[in-house]
1. Confirm whether LEU74 is among the hydrophobic types (A, V, I, L, M, F, W, C), not assigned by TED's automatic domain parsing to the domain that holds ASP176 and not in a helix (DSSP H, G or I).
2. When you scan region 93-128, how many residues do you find that are among the acidic types (Asp, Glu) and not in a helix (DSSP H, G or I)?
3. Output yes when any residue across region 291-306 is closer than 25 Å to PRO486 by Cα and either in the same structural domain as PRO545 (by TED's automatic domain parsing) or touching a strand residue (DSSP E or B) at 6+ places or on another chain (Cβ under 7 Å) (or both), and no when none is.
4. In region 448-484, which residue that is at pLDDT below 95 and among the hydrophobic types (A, V, I, L, M, F, W, C) is surrounded by the fewest Cβ atoms within 10 Å (Cβ to Cβ)?
5. Could you list, in sequence order, all residues of region 101-124 that are buried (at least 19 other Cβ atoms within 10 Å of the Cβ) and not charged (D, E, K, R)?
6. So if I check each of THR298, THR258, which one is farther than 27 Å from TYR118 by Cβ and out of contact with any Asp or Glu (no Cβ under 8 Å at 6 or more places or on another chain)?
7. Output the residues belonging to region 549-607 that are part of a helix (DSSP H, G or I) and of a type in the set (Gly, Ala, Ser).
Amino acid sequence: MTFRLFLAASTALLCAATPVLAQSEVRPVSALTANQQAEQDKLFALFADSDTRALALDPLSRLYRGDEEGVDRLGDELTDADFLAGRTDIQLNLALLAQIDRTKLDTTDQLAYDVFQYTQTRALAGMSDEMRALTEVRPLNHFFGFHNAYPNLASGIGAAPFKTLANYDDNLSRHDDYIAYLGRAMGRFRQGMKSGVVETKLTVGIMVTQLTTQLDTPVADSQFMGPTKQFPADFSADEKARLTAAYEAKTREIYTATAALRDFLRDEYLPAARDSIGLSQMKGGPALYALLVEDSTTLPLDPETIHQLGLSEVGRIRAEMERLQKEVRFKGTLNQFFDYVRTDPKFQPKSREALTQAYYRVGRDVDAKIGSLFSHLPKSPLEIRPYDPSTEKFEAGGSYEPGSADGKRPGVFYFNAYDLPSRLTPGIVTLYLHEGAPGHHFQISLAQENEVLPAFMRYGGTTAYVEGWALYAETLGNEMGFYKDPWNRYGTLQDEQLRAMRLVVDTGIHAKSWTRDQAIDYMLTNSGMTRTDVVAEVDRYIAIPGQALAYKIGALKIQELRKRAEKRLGAKFDIKSFHDEVLNTGGLPLAVLEAKIDRWIAAEAVK
């Protein structure tokens, strides 16, 4: 996925602190030999040049960084020129990297070299002609579709700033690119219809519903009109009138383009879409799934190995839930216990406001306790918000939108208030720890605030690391005392079970030809999730194969590394230092992370 589409997929303020600096992996330049300095200069010149070229190809990523220069474009995604420029750019990066002698770099720079080589090599593998023919002709789905992400970006409360006249005019210019993008998406879908590589009827049907929901919203209430309802005080009446008229006219153009896409998907594409849901049943699907599995896990794992690991983890966690059932003295089977929590009103939010206040309370409690586990906190504050009601039906239970590297734009934890009885209160703590603090907010913010790192490490990251850290962060609720409450512990066990079941269900759907009903039944049988949540999860795996594997694989690796450090260091083990080492160099491939932590353990052992 491109950076901008990836960002689409996810009010308690954290204390400001000194930005994190890597300890064992970042050192002063004076520590380098002359040969090391020369090779480092070449390496970091490549990093800087590569970043400049990448930003030129994808200006929206510049906006997400908080840079307001040159953000009047979205880029030319889905054009042949854009694709070929991107692939050529990666090939150039790898060619230039090969001219740098890795053996002359110190350990720190070798780490950066390895991460850059890995990310560029994997990106190039995904841009082969074979893979392009399987992915570019399916440009949108209901989960990672730009048609979902862009309205929030342009709404006035997303990542795009609306403080100056230039900000407002830049947004109008981006609207033109968005309209063009929707047209190009239809063209790519048609290309897939000719080649026989098409999306599932399920995903297409949901997209049609999503687009219809957007169109059913009156223009005046559209997210695209949001910026006109929060003009800065220094705008003149004439400026406000001009912009309001321009925004209304452009919103109507967006609605026309959206209707064209909706009608095409409903009337032309849906009849040609496939009834099957798994990649194993799509033309070229098995090869694509193998690539996605490795991209998501950053390890050479095959679907069968992951499937069996998932079955083992599901069994282990199920046994823990049986012990919890006895602790709370519930009589009956485990599945009856699940039904009890699913249906008893005491586990259901009383209102949207009650749910919001519950998340605020958790945020305050985390703020009060987080200092015992971390030496460095993000500069960027964290806000808690519900999803917009116009999109919440199709959103995940929660997600995170990064703040800016300078800390001026907050990170945002979004939670879902749709179908309130399904938003069970035992899951509130663990969801906040994952999507908010110390999960995605800490990991993403601390990386991008660390100016010592090259840009690709500050702003990038592998899914296995990013999601693995967030799942690991859920376990820190034990040390913060949240799980002394058995119902909070029930919530975290359910969330851990969800990630274990993902290993089973994702591989089941895409490698073993499982049906949608089979996947839903498996998850309902082995967890206390509501049907609403289960259906949304299964439909997500259908839409974005392989991505769900990253969570458990990444978390297991981080937990393994912590246990290794605790065992080898004994009394010398410091949890704050361990967290620094995991976080201070961005989202590493898991093998690179493991090598780094092993070096840190060895260095700590001789102190």
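1. Working: among the hydrophobic types (A, V, I, L, M, F, W, C): yes; not assigned by TED's automatic domain parsing to the domain that holds ASP176: yes; not in a helix (DSSP H, G or I): yes.
Judged against the criteria, LEU74 is a match.
2. The first filter runs over region 93-128 and keeps only residues among the acidic types (Asp, Glu), leaving 101, 106, 109, 114.
Filter again for not in a helix (DSSP H, G or I), leaving 101, 106.
Of the residues in that region, 2 qualify.
3. Step one: list which residues in region 291-306 are closer than 25 Å to PRO486 by Cα, which gives none.
No.
4. Applying the filter and picking the extreme gives VAL452.
5. Quick first cut of region 101-124, residues buried (at least 19 other Cβ atoms within 10 Å of the Cβ) only: 105, 108-109, 111-113, 115-116, 119-120.
Once the filter is applied, which keeps residues that are buried (at least 19 other Cβ atoms within 10 Å of the Cβ) and not charged (D, E, K, R), region 101-124 yields LEU105, THR108, LEU111, ALA112, TYR113, VAL115, PHE116, THR119, GLN120.
6. Working: THR298 fails: farther than 27 Å from TYR118 by Cβ.
Testing whether each residue is farther than 27 Å from TYR118 by Cβ and out of contact with any Asp or Glu (no Cβ under 8 Å at 6 or more places or on another chain) leaves just THR258.
7. Scanning region 549-607 gives ALA550, GLY554, ALA555, ALA565, GLY570, ALA571, SER577, ALA591, ALA595, ALA602, ALA603, ALA605.
Yes/no matrix, rows are residues, columns are (1) more than 30 Å from THR391 (Cα to Cα); (2) at pLDDT 95 or above; (3) not basic (Lys, Arg):
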position: ALA519; (1), (2), (3): no, yes, yes
position: THR530; (1), (2), (3): no, no, yes
position: GLY587; (1), (2), (3): no, yes, yes
position: ILE597; (1), (2), (3): yes, yes, yes
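The values are calculated or read from the model by the stated rules, or taken from the named source; none is laboratory data. Please read all numbers here as calculations on a predicted model, not as lab measurements. We place every Cβ from the backbone using ideal geometry, glycine too, and count neighbours over all the protein chains shown.
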